[in-house]
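The values are calculated or read from the model by the stated rules, or taken from the named source; none is laboratory data. None of these values were measured; they are calculated from a predicted model. Cβ placement follows ideal geometry from the backbone for every residue including glycine, while neighbour counts extend to all protein chains displayed. Accessible surface areas use protein heavy atoms only, side chains included; no ligands, DNA or RNA. Shrake-Rupley method; radii C 1.70, N 1.55, O 1.52, S 1.80 Å.
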Amino acid sequence: MAEAEPPSSGDTVFALSSGQPPAGVAVIRASGPGVRFGLETLLGRIPEPRHATLATLRTADGEPLDRALVLFFPAPASFTGEDVCELHVHGGRAVVAAVLRALGELPGFRPAEPGAFTRRAFVNGRADLTEVEGIADLVAAETEMQRRLAIGQAGGGLRRLAETWRTRLVEARAFLEAELDFSDEDDVPETLANLSDAIADSVAREIEAHLGDAAFAERVRSGFEVVLLGAPNVGKSSLLNALAKREVAIVTAEAGTTRDTIEVRMDLDGYAVTLVDTAGLRETDNLIEREGVRRARARGEAADLVLLLSDGDEGSRFALPDTSASVLRVRSKADLNAIDSDPNRWDVAISAPTGQGLDALRQAIAASLGLRRAGPDPLVTRERQRIELEQACTALRAASTESVIELKAERLRQAGDAIGRLTGRIDVDDWLDVIFREFCIGK
């Protein structure tokens, strides 16, 4: 067989796309114009497309590297739109290192940077920007709800919606152009501008409906923050340990044991929630404890939900920091102290050591954060997406107030451009490095 010729132009990227070794199997991916040359070099042939082929990988000098399963996906029907291959090798460190080294010695091959494969998919039109963001979120998903939102994005849910909006706005602009160009013709209705306004108003209302869920979806991605506040020794650290189901915070009978914030990430009904234990709120001359109190108040002000703990003792009351968060009043130490007869004083009564009331507290937290929602999952999940749609909606609402048709058409163009930026069709170069920086190497 004649020696394979290296590609004449363009580079080919490669990386370990599975977890770090050791592992049972490691997947090494390559994409670019040199893939066929690389396969001919390592295997001695190009395997049948989309069929797993068992073969011995060899260096350019013929030295065996490993016995591997090889998959070849020819362009353009591949994830990146380029020739792509996957080498499923044994997952030992030495095997992976040797195969990566052999690929790196091939002309035109270089290690992939974070997000290199997905970026090529975007550049080659295999994925739009919302799908790219969905892929990044899918890789990073820790909870069921994060997975659901991410798979909706990666599957093109927002892209299809945005394409529908753009198509309708093109139609609305066409009505305006017709009224401008043929206003003197008898067979052109005088209500074309009204038809355009009706389309713009309908699109704006649909966008506003999706924006209504955007803030919630952004919090699903980043996680909700629940802060435990209360006077010293009311049981905040005990409650943190009970909810986390492990010893996270030190618990003693001495007041002021917790002097800094302690965070625990947990999955609550499929949502990512960060529980924050804080220093007991009280006046103190101790500089370290005073700083802890300041941090506690600051976290309470920025929280999504505050659990306000009290053990029923008058001395456990304090002024709640200014916060826009929802507040759950939690009566602690229910197993030790009698609970007031007034049911309106507390939302939940609990005992961290015995577990009393913890299920009710979890349910109350989920309800306060709005986690139990009916209807379809949100599609607008990122700040970037929300900003573009807010700009589109602003332009559409401005179009409805314009009396000059040329200005009305310009507003519709602005709205269409904002939706185009949402999907990456136009003017998104400034966003690309920011988005792909989130990716892991190999994706």
Extension gain from A23 to R362, taking 0.36 nm per residue of separation minus the Cα-Cα distance: 118.3 nm
Summed residue charge, Cβ within 11 Å of A398's Cβ, Lys/Arg positive, Asp/Glu negative: +1
Diffusion coefficient, µm² s⁻¹, Stokes-Einstein with Kirkwood Rh over alpha-carbon pairs of segment 64-200 at 25 °C and 0.890 mPa s: 126 µm²/s
Kirkwood hydrodynamic radius of segment 22-115, Cα pairs, Å: 13.2 Å
Electrostatic dipole magnitude of the chain [Cβ: Lys, Arg +1; Asp, Glu -1; Cα centre; debye, to 20]: 1820 debye
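I need to check one value: relative contact order of segment 334-443, counting alpha carbon pairs closer than 8 Å and at least 6 residues apart, in percent. Spell out each step's value before the answer.
Values: 62 pairs, mean separation 16.8, N = 110.
With pairs under 8 Å counted, the relative contact order is 15 percent.
Need the full-extension length gain, C440 to H51, defined as separation in residues times 0.36 nm minus the C-alpha distance. One decimal, nm.
137.4 nm
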Carbon plus sulfur fraction of accessible area for segment 367-419, probe 1.4 Å, in percent: 50 percent
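Does the chain come out rounded, prolate or oblate by the C-alpha gyration tensor, with a ≥ b ≥ c the root eigenvalues, rounded set by a/c under 1.5 and, if not, prolate when a/b is larger than b/c and oblate if not?
The shape class here is oblate.
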Length-normalised contact order for the chain - Cα pairs under 8 Å, 6+ apart - percent: 16 percent
Gyration tensor (alpha-carbon) shape descriptor, segment 356-440, a/c threshold 1.5: oblate
Rounded to the nearest 10 Å², the accessible area of D267 at probe 1.4 Å: 80 Å²
Accessible area expressed per residue, the chain, with surrounding protein chains retained (probe 1.4 Å, Å²): 49 Å²
Exposure of R282 as accessible area (Å², to 10), given a probe of 1.4 Å and all protein chains: 100 Å²
